[in-house]
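The values are calculated or read from the model by the stated rules, or taken from the named source; none is laboratory data. No experiment lies behind these values; they were computed from the predicted model shown. We place every Cβ from the backbone using ideal geometry, glycine too, and count neighbours over all the protein chains shown. When the accessible area is computed, the model is the full protein with side chains, heavy atoms only, and any ligands, DNA or RNA have been set aside. Shrake-Rupley method; radii C 1.70, N 1.55, O 1.52, S 1.80 Å.
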Amino acid sequence: MREVAIVGAGELGGLVAHALARRNSAGVVRLIDESGRVAEGKALDISQAAPIEGFVTAVTGSTGLSAAAGADIVVIADRAGNPGTPGDTIWQGEEALTLIRQLNAIAPRALFLCAGVSHRELVERSVRELHIPRARILGTASEAFAAAATAIVALEIDVSPREVALSVLGVPPDQIVIAWEDAAVAGFALTGVMIEPIRRQLTRRIGALWPVGPYALAAAACTVVDSVSGHSRRSVTCFVGPDDQAGVRTRAAALPVRLGPGGLVEVVMPKLSGVERVALDNAMML
């Protein structure tokens, strides 16, 4: 089973560690945080739940980034707050880019999963400025957003979310593209059961769901880990780094992807209407 390092033992990092352990998605989970012994404490707490919840994943805590060495997957989460500080903080900006640079030197073959809601820019800058292959660094918050969109559509038509297949692309919250032409409910075209004015209204409501909360973010990160590990064969929605090979500078954007042990295998584009295609091109253009 794979080894996963989680950088940041704040609320999100702790939730990801617990969810991975509960699912037995990894053989070893290493929780890393520079804030005292927070990571060790949370790792011990999760480990003590193993006999109750029936998982076998080993969870450890550390204060040093060197613990990420040898990990197959490195999840970037949130730092635990120090005593006297307002709370946990998400890695972002120059500090986050420096972190990725350090981690890339420590774990040069690892897949990086950026789990925070503000990590789309981190994925983009890591690919463009640090020259990390776009296959090796992905943002997972968009999977949580796609799940939230699926849930609200299911609620609107009074079915289980499991019966709804829906792709959400672009850059949330203002430049999202919902592939209504490709959407389905119980195997039937969703456009046949939902009129266009309702779809437009839902698009506005879905945009307001961003940013998603830590429980959904943690579940999304775990879903992506499962997909990489081969535990799930379905496509997932990730923030994918820019591909400037065509000579056009683009932004990182949420796209449905198929993953493998090395990370991104391919982008699985849904069927888009002409209007949806133009909207996606505009969302991705710098």
Inset, instruction - Please indicate, with yes or no, whether at least one residue in region 225-248 is under 27 Å from residue 121 (Cβ atoms), open to solvent by less than 70 Å² (accessible area, probe 1.4 Å), among the acidic types (Asp, Glu) and part of a loop (DSSP other than H, G, I, E, B). - result: yes
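Working carefully through the options 205, 199, find the one that is part of a helix (DSSP H, G or I), at pLDDT 95 or above and open to solvent by 40 Å² or more (accessible area, probe 1.4 Å).
Details: 199 fails: open to solvent by 40 Å² or more (accessible area, probe 1.4 Å).
Only one candidate qualifies: 205.
Quick one: in region 91-133, of everything that is small (Gly, Ala, Ser) and in contact with a Phe, Trp or Tyr (Cβ under 8 Å, 6 or more places away or on another chain), which residue is nearest to residue 254 (Cα to Cα)? Full working, then the answer.
In the first step, residues of region 91-133 are kept if they are small (Gly, Ala, Ser); the result is 93, 96, 105, 107, 110, 115-116, 118, 126.
Next, only the ones that are in contact with a Phe, Trp or Tyr (Cβ under 8 Å, 6 or more places away or on another chain) stay: 116, 126.
Numbers: 116: 14, 126: 16 Å.
Ranking the qualifying residues of region 91-133, first place goes to 116.
Go over the candidates 128, 101, 109, 136 one by one and state the one that is out of contact with any helix residue (DSSP H, G or I) (no Cβ under 8 Å at 6 or more places or on another chain), in contact (Cβ under 8 Å) with a residue 40 or more places away in the chain, of a type in the set (Lys, Arg) and closer than 18 Å to residue 5 by Cα.
On the way: 128 fails: closer than 18 Å to residue 5 by Cα; 101 fails: in contact (Cβ under 8 Å) with a residue 40 or more places away in the chain; 109 fails: in contact (Cβ under 8 Å) with a residue 40 or more places away in the chain.
None of the others qualify; the one that does is 136.
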Legend entry - Sole residue being among the charged types (D, E, K, R), at pLDDT 95 or above and within 25 Å of residue 14 (Cα to Cα), chosen from 129, 121: 121
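What helices (runs of 4 or more DSSP H), lying completely within region 1-84, carry at least 2 residues that are surrounded by 21 or more Cβ atoms within 10 Å (Cβ to Cβ) and in contact with a Gly (Cβ under 7 Å, 6 or more places away or on another chain)? First the steps, then the outcome.
Details: elements: 11-23, 38-48, 50-53.
In region 1-84, the matching helices (runs of 4 or more DSSP H) lie at 38-48.
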Legend entry - Test: residue in region 251-269 that is in contact with a Ser or Thr (Cβ under 6 Å, 6 or more places away or on another chain), open to solvent by less than 10 Å² (accessible area, probe 1.4 Å), at pLDDT 95 or above and over 17 Å from residue 141 (Cβ atoms): no
Legend entry - Single condition residue 273 does not satisfy, out of (1) closer than 30 Å to residue 110 by Cβ; (2) in contact (Cβ under 8 Å) with a residue 24 or more places away in the chain: (1)
Inset, instruction - Answer yes or no: is there a residue in region 88-107 that is at pLDDT below 95 and within 17 Å of residue 68 (Cα to Cα). - result: yes
Inset, instruction - Pick out the one residue from 11, 40, 53 that is under 21 Å from residue 144 (Cβ atoms) and among the charged types (D, E, K, R). - result: 11
Inset, instruction - Could you tell me whether residue 152 is farther than 23 Å from residue 77 by Cα, among the aliphatic types (A, V, I, L, M) and more than 17 Å from the chain's Cα centre (by Cα)? - result: yes
